[in-house]
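Visitor: I have a structure I would like to understand better, so I am pasting it below and will then ask my questions one at a time.
The values are calculated or read from the model by the stated rules, or taken from the named source; none is laboratory data. All values derive from a computational prediction rather than experimental measurement. Here the Cβ positions follow ideal geometry from the backbone for every residue, glycine too, while neighbour counts run over all protein chains shown.
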Ligand code: C2O
Ligand code: CU
């Protein structure tokens, strides 16, 4: 019952290249000079997993653990991961969220590959040329699979990385309890005063989280894996981390302790200890940092005002055809997946999206295969550092303008990263013609 990978002609009408199937748009077979091949075998299987709280849950896992094995690489390495499916009847894939892999490695079932059924396997291979904080997750029935635990972290460091304390912290909610912990499950860490610290936050949930780092000034040095230009020090601010999104927070460890507070819950979160304990404080009154005004402007490599293609996506709820049946759906331009027409682009195009949210819910919009540059929110232009993201949170009533260069041929999913919304229709495809 798994869908076959679809064939599409790339470049038809524009060049004399032969027809290419997405399944043939595969990653490079070798690392860069000096790099190595890295990557585990990931076996998708059901398991009983003990949460840091001690509670046990029935989970779907990679290798019996949540999160799955942390994949860490140095820029230029070749990442090679064999996915096996032991017993997830629905099938699984691996999608490298935010990583601009060749399309055949993207893990979109029915589009770039068939879902991997029980007893089957699939090898993913791509060069780790982008540094930063990313994550992987199943893209098949992802509204169930990711919630149940089919995800892990992907971090690519530059050769000269020098953060003494570098923690990768996926935030995930299990039965209403927010868990923020690295793979060791610890929510307390020691950090020597004066040490450079990097916290890599990853929102693996379908709703945004409010994040406060209390006890030290800090900088948001990267959003969705991409470095910001000259980000200034901030303190006493809250950050809103969209579903699927990542922030790298960097600071020098003070003498006193530092607390990472999620959703203003002072009892949860994570603590770093210096020489002495700081005071837990109420964070609920802190203003939200506006990333569209943060950091320093810099040139971007294309002129976003002159787009070759412009698509408007109006997000709403209503009755639409979903898999041929009328259903109450999350819609794009009044239609639900798979009935939403593909967006057609050509290699080299500058593409602009206008995303309008007419519904009463937040839609974290996510495009595969390409980072998008935020141009404006509700007519207010982005005036800080160029902000390249793969997911942006469109709140009720808002209109966002974003742009990107189409330089990664294939068929790419373009959807709401509130995964139940995507499942209920809010998903379409961007296709190179
Ligand atoms: Cu993180 Cu299409 O997904
Ligand atoms: Cu949504």
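Visitor: When the residues of the range 88-108 are filtered to those that are over 14 Å from residue 411 (Cβ atoms), part of a loop (DSSP other than H, G, I, E, B) and in contact (Cβ under 8 Å) with a residue 40 or more places away in the chain, which remaining residue is nearest to ligand 1 (Cβ to nearest atom)? Give the derivation first.
Guide: If we filter the range 88-108 for residues that are over 14 Å from residue 411 (Cβ atoms), which is where we start, we get 88-94, 96-100.
Still in the running and part of a loop (DSSP other than H, G, I, E, B): 88-91, 93-94, 98-100.
Filter once more, keeping what is in contact (Cβ under 8 Å) with a residue 40 or more places away in the chain: 88, 90-91, 93-94, 98-100.
Details: 88: 18, 90: 16, 91: 16, 93: 10, 94: 11, 98: 8, 99: 10, 100: 13 Å.
Filtering first and then ranking leaves 98.
Visitor: Another question, if that's okay. Is it the case, given these coordinates, that residue 323 is outside the structural domain of residue 129 (by TED's automatic domain parsing) and free of Cβ contacts under 8 Å to residues at least 40 places away in the same chain?
Guide: yes
Visitor: Looking at the range 228-242, is at least one residue farther than 23 Å from residue 393 by Cα and modelled with pLDDT under 90?
Guide: no
Visitor: State which residue is farthest from ligand 2 (Cβ to nearest atom) when the search covers only the range 408-433 and only residues that are under 14 Å from the mean Cα position of the chain (by Cα) and part of a loop (DSSP other than H, G, I, E, B).
Guide: As a first pass, look at the range 408-433 and keep what is under 14 Å from the mean Cα position of the chain (by Cα): 413-419.
Filter once more, keeping what is part of a loop (DSSP other than H, G, I, E, B): 417-418.
Values: 417: 8, 418: 4 Å.
Within the range 408-433, the match that is farthest from ligand 2 (Cβ to nearest atom) is 417.
Visitor: Could I ask something else about it? Just to confirm my filter: which strands (runs of 3 or more DSSP E) fall fully inside the range 130-247 and include at least 2 residues that are in contact (Cβ under 8 Å) with a residue 24 or more places away in the chain and under 28 Å from residue 83 (Cα atoms)? Outline the logic, then answer.
Guide: Working: elements: 132-137, 151-157, 165-174, 177-180, 188-190, 196-203, 209-214, 219-223, 238-241.
In the range 130-247, 132-137, 151-157, 165-174, 177-180, 196-203 are the strands (runs of 3 or more DSSP E) which contain 2 or more residues that are in contact (Cβ under 8 Å) with a residue 24 or more places away in the chain and under 28 Å from residue 83 (Cα atoms).
Visitor: Against the conditions (1) crowded, with 22+ Cβ neighbours inside 10 Å; (2) modelled with pLDDT of 95 or more; (3) more than 30 Å from residue 232 (Cβ to Cβ); (4) in contact with a strand residue (DSSP E or B) (Cβ under 6 Å, 6 or more places away or on another chain), where does residue 392 fall short? Just the number, please.
Guide: (3)
Visitor: Is it the case, given these coordinates, that residue 53 is within 21 Å of residue 409 (Cα to Cα) and either at pLDDT below 85 or loosely packed, with under 15 Cβ neighbours inside 10 Å (or both)? Break it down into steps so the answer makes sense when it comes.
Guide: Numbers: within 21 Å of residue 409 (Cα to Cα): no; either at pLDDT below 85 or loosely packed, with under 15 Cβ neighbours inside 10 Å (or both): yes.
No; evaluated as a whole, the condition is false for this residue.
Visitor: Does residue 127 count as within 27 Å of residue 57 (Cα to Cα) and either touching a residue at least 24 places away in the same chain (Cβ under 8 Å) or touching a strand residue (DSSP E or B) at 6+ places or on another chain (Cβ under 6 Å) (or both)?
Guide: Values: within 27 Å of residue 57 (Cα to Cα): no; either touching a residue at least 24 places away in the same chain (Cβ under 8 Å) or touching a strand residue (DSSP E or B) at 6+ places or on another chain (Cβ under 6 Å) (or both): yes.
Here the answer is no, as residue 127 does not meet what is asked.
Visitor: If I filter the range 403-412 down to residues being within 16 Å of ligand 1 (Cβ to nearest atom) and under 19 Å from residue 352 (Cβ atoms), which single residue comes out as surrounded by the fewest Cβ atoms within 10 Å (Cβ to Cβ)?
Guide: Taking the range 403-412 as the starting set, the residues that turn out to be within 16 Å of ligand 1 (Cβ to nearest atom) are 404, 408, 410-412.
Narrowing further to those that are under 19 Å from residue 352 (Cβ atoms): 404, 408, 412.
Working: 404: 24, 408: 18, 412: 27.
The residue in question is 408.
Visitor: Here's a follow-up. Restricting attention to the range 388-407, and to residues there that are under 15 Å from the mean Cα position of the chain (by Cα) and away from ligand 2 (no atom under 14 Å from the Cβ), which single residue is nearest to residue 102 (Cα to Cα)?
Guide: Ranking the qualifying residues of the range 388-407, first place goes to 390.
Visitor: With within 19 Å of residue 227 (Cα to Cα), touching a residue at least 40 places away in the same chain (Cβ under 8 Å) and in a strand (DSSP E or B) as the only criterion, which of 310, 366, 370 stands out? Working first, answer last.
Guide: Details: 310 fails: within 19 Å of residue 227 (Cα to Cα); 370 fails: in a strand (DSSP E or B).
Checking each option against the conditions leaves just 366.
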